[in-house]
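So the structure is just underneath, and the comments pick up after that.
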């Protein structure tokens with residue numbers, strides 16, 4: 001069975017809307033239709049540049065780094081509500097986008113959604129966590145090790161540093177602060193000089 005044939009997780013019943021949790025490029029380039037988007041927080045995992053990219057943001061010769069959910073901490077991202085009628089199509093799209101060639105495992109994880117009245121509600125979401133047994137799992141790299149890879153890598157989706165820039169800028173727009181990502185961006189900027197922050201996908 002190919003990853004595009006994977007069905008909805010058994011934890012989510014057919015006939016119900018599907019929530020998808022985004023923490024990297026899905027936040028600013030979901031690539032699928034959704035009915036609603038809300039800020040969300042996942043507990044028990046944190047966002048980390050822990051996955052080598054040999055396709056979208058790098059090559060075999062010059063691998064880049066992309067974000068994964070690694071164990072421990074919390075992660076602020078966003079959740080997208082997909083209508084039940086679109087759930088199977090969106091899941092197939094996400095599986096193809098995230099699972100082919102990457103060290104991810106699909107999971108259903110509860111996240112806290114921020115409501116308009118300031119309250120929070122816990123909902124199950126479809127997302128992808130880092131597969132620590134995969135050859136493309138980079139682990140907990142230091143900024144000194146991550147920056148040189150991100151600085152020079154480029155894949156079919158564009159420059160690796162644009163991926164970092166867009167993620168940091170999106171978090172800033174939502175009011176989230178992530179010191180490690182900001183420090184990584186400053187190091188990449190210091191190594192590459194002035195960066196055009198307007199491009200990339």
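Among 124, 179, 106, the largest mean-square fluctuation in a Gaussian network model of the chain, built with springs joining Cα atoms closer than 10 Å, belongs to 179. Taking the C-alpha atoms only, the angle from helix 179-192 to the longest principal axis of the chain is near 40 degrees. When the chain is treated as a Gaussian network with alpha carbon springs shorter than 10 Å, the biggest mean-square fluctuation among 64, 118, 73 belongs to 118. For the chain, a Gaussian network of Cα nodes joined below 10 Å ranks 51, 143, 165 by mean-square fluctuation, and the top entry is 143. As I understand it, the value is the acute angle between the Cα axis of helix 84-99 and the longest principal axis of the Cα atoms of the chain; what does it come to in degrees, rounded to 10? Rounded to the nearest ten degrees, it is 30. For the range 95-175, the C-alpha radius of gyration divided by 2.2 N^0.38 Å, with N the number of residues, is 1.37.
Just to confirm the number: angle between the C-alpha axis of helix 143-152 and the first principal axis of the chain, 0 to 90 degrees, nearest 10? Result, in degrees: 90.
A straight chain from residue 93 to residue 177 at 0.36 nm per residue would run longer than the Cα-Cα distance by 27.3 nm. A Förster radius of 25 Å combined with the Cβ-Cβ distance from residue 140 to residue 37 puts the calculated FRET efficiency at roughly 0.25.
Throughout, read-outs are computed from the coordinates displayed, never taken from laboratory work. Model, not experiment: these values are computed from the prediction. Heads up, the Cβs are rebuilt from the backbone with ideal geometry, glycines too, and the neighbour counts pull from every protein chain shown.
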